[in-house]
1. I'd like the orientation of helix 12-21 relative to the chain: the angle between its Cα long axis and the longest Cα principal axis, in ° from 0 to 90, rounded to 10.
2. With θ set to phi - 60° and the Karplus curve 6.51 cos²θ - 1.76 cosθ + 1.60, what are the ³J(HN,Hα) couplings of the stretch 45-59 in order, to the nearest whole Hz, using x for Gly and Pro?
3. Relative to the longest principal axis of the chain, what angle (0 to 90°, nearest 10) does the C-alpha long axis of helix 140-153 take?
4. Report the label-to-label distance for V27 and E139 in nanometres (one decimal), using points 7 Å from each Cα along the Cα→Cβ vector.
5. Count neighbours as other Cβ atoms within 10 Å of each site's Cβ, and list the GluC sites (Glu not before Pro) in the stretch 71-140 that are DSSP loop with at most 12 such neighbours.
6. For the chain, what is the calculated [θ] at 222 nm in deg cm²/dmol (nearest 500), taking -39500 (n - 2.57) for each run of four or more DSSP H residues and dividing by its residue count?
7. Percent of Cα-Cα pairs per 10 Å bin, from 0 to the last occupied bin, for the stretch 5-78, please list those.
8. Can you tell me how much longer the chain between E162 and A46 gets when fully stretched, taken as 0.36 nm per residue apart minus their C-alpha distance, in nm with one decimal?
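Readers should treat all values here as calculations from the given coordinates under stated rules, not as data from a laboratory. On a predicted model such as this, the values are computed, not experimentally measured, just so you know. No Cβ is skipped: glycine too gets one built from the backbone with ideal geometry, and neighbour counts run over all protein chains shown.
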Amino acid sequence: MLEVEVKHRADLSIVRQRLKALGFSLVASQEEVDIYFQHPCRDFAATDEALRVRIVGGRAYVTYKGPRMGAGAKTRVEISAEAGLDVVEVFRRLGFVPVAEIRKMREYYSGGGFSVSLDWVDGLGEFVEVEKVVAEEGEVPQAVEEVRRLAAALGLGEEVKETYLELFLNTYKQGGR
């Protein structure tokens with residue numbers, strides 16, 4: 001599966017109202033802690049990959065994110081699996097180094113084949129992610145167009161190209177704060 005996603009800074013209260021007016025439904029509201037790891041032998045920054053453990057409500061989800069494709073929006077392979085909370089310690093003992101821990105409050109909305117996340121990210125601010133999942137690479141161009149159309153309908157401005165990890169590292173790890 002391929003995830004086609006755009007991210008924007010936005011006032012979440014305004015976007016929340018627009019989502020409801022467009023018929024989107026709130027699916028979940030939760031706190032998430034994302035721990036990103038660096039591979040012991042491969043530079044994920046150079047390969048544009050990510051390994052994340054997301055902790056939600058006492059459960060852990062391991063996600064591998066493949067390199068971004070040149071599809072006009074952030075499009076990449078994403079593979080996730082549920083694991084026990086001890087997976088963080090397993091990765092550490094195998095030589096994976098935690099490089100960032102990102103905390104956020106997230107509201108998930110769905111409608112019309114889209115997933116929209118309203119995020120308050122600790123230390124970074126408010127963001128909206130509009131996402132559509134497709135099965136094949138040939139479906140990506142149409143999905144990019146549809147995702148951008150929905151973002152415009154929500155009144156979202158300039159797209160944020162960086163991932164939360166990149167924003168975090170640029171802000172906190174490289175002298176930003």
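1. 50
2. 5, 6, 8, 6, 10, 8, 10, 10, 10, 9, 10, 9, x, x, 10
3. Approximately 60 degrees, to the nearest ten.
4. Taking the two extended label points, one gets 1.4 nm.
5. On the way: sites: E78, E82, E89, E101, E107, E126, E129, E131, E136, E137, E139; in loops: E136.
For GluC sites (Glu not before Pro) across the stretch 71-140 that sit outside H, G, I, E and B with at most 12 neighbouring Cβ atoms in 10 Å, the list reads E136.
6. Details: 5 runs with 40 residues, N = 177.
Per the formula, -6000 deg cm²/dmol.
7. 15, 32, 37, 14, 2
8. Full extension from E162 to A46 adds 40.3 nm.
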